[in-house]
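In what follows, a structure is listed as structure tokens, so that the remarks can point back to it.
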Amino acid sequence: MKLHAIKGELAFAAFFAAVGLVWIVKASSLPFWSGFAPDSGFLPVIYGTLLLLLSAGVIGTLLLNPPDGEVEREPLSKSFKLLGILVLTVGSLGYVGFAAPLFLMMFAMFAYVERLPIVRSAIVSAVATGIFLLVFQHWLKIPVPITPWSY
């Protein structure tokens with residue numbers, strides 16, 4: 001078994017398993033259910049359990065079926081590009097509204113970072129932005145500022 005080749009992945013999964021366990025332990029002292037609705041301990045227990053189970057699945061997969069040879073990694077610059085796009089998007093939401101930054105974020109991720117065709121990137125970004133607006137504004141009735149002048 002090539003345990004030394006996957007020790008970083010194991011450490012990462014173990015860290016998230018520990019975070020999930022901390023959420024479960026801390027949330028167990030909070031009220032779980034109140035009348036007809038979940039209380040403050042409900043979501044942390046659910047999320048902690050999911051995080052713990054998913055991390056255990058990753059650990060089990062890595063130990064029972066380790067990757068053969070060297071695994072090809074994404075370049076670190078790609079992660080920094082994505083982080084920069086996310087920071088710019090979140091920073092511009094209050095000034096530009098919701099629709100334009102969301103569209104531009106997805107378009108930049110598809111066209112610039114992933115190097116997908118421009119037309120496909122624009123179409124998928126526009127459709128996804130429209131779906132987000134439909135879900136939030138019409139189905140959930142959450143007022144989302146589409147432009148800086150609307151709310």
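So, Ile46, is that one over 30 Å from Ser125 (Cα atoms), in contact (Cβ under 8 Å) with a residue 12 or more places away in the chain, in a helix (DSSP H, G or I) and not assigned by TED's automatic domain parsing to the domain that holds Ile123 or not?
So Ile46 does not fit the description; no.
When Thr147, Thr89, Thr129 are checked against the criterion of being modelled with pLDDT under 90 and either surrounded by 10 or more Cβ atoms within 10 Å (Cβ to Cβ) or under 30 Å from Lys7 (Cβ atoms) (or both), Thr147 stands alone in meeting it.
Test Phe12 against the criterion of being assigned by TED's automatic domain parsing to the domain that holds Phe132 and surrounded by 11 or more Cβ atoms within 10 Å (Cβ to Cβ), and give yes or no. In short, no.
Condition test on Gly48, is it surrounded by 16 or more Cβ atoms within 10 Å (Cβ to Cβ) and closer than 29 Å to Ala13 by Cα?
yes
With the structure loaded, tell me whether Ile59 is in the same structural domain as Glu9 (by TED's automatic domain parsing) and under 22 Å from the mean Cα position of the chain (by Cα) or whether it fails that test. Yes, satisfied.
The values are calculated or read from the model by the stated rules, or taken from the named source; none is laboratory data. Keep in mind the model is a prediction, meaning the values are calculated, not measured. Reconstructed Cβ throughout: ideal geometry from the backbone, glycine too, with neighbour counts over all protein chains shown.
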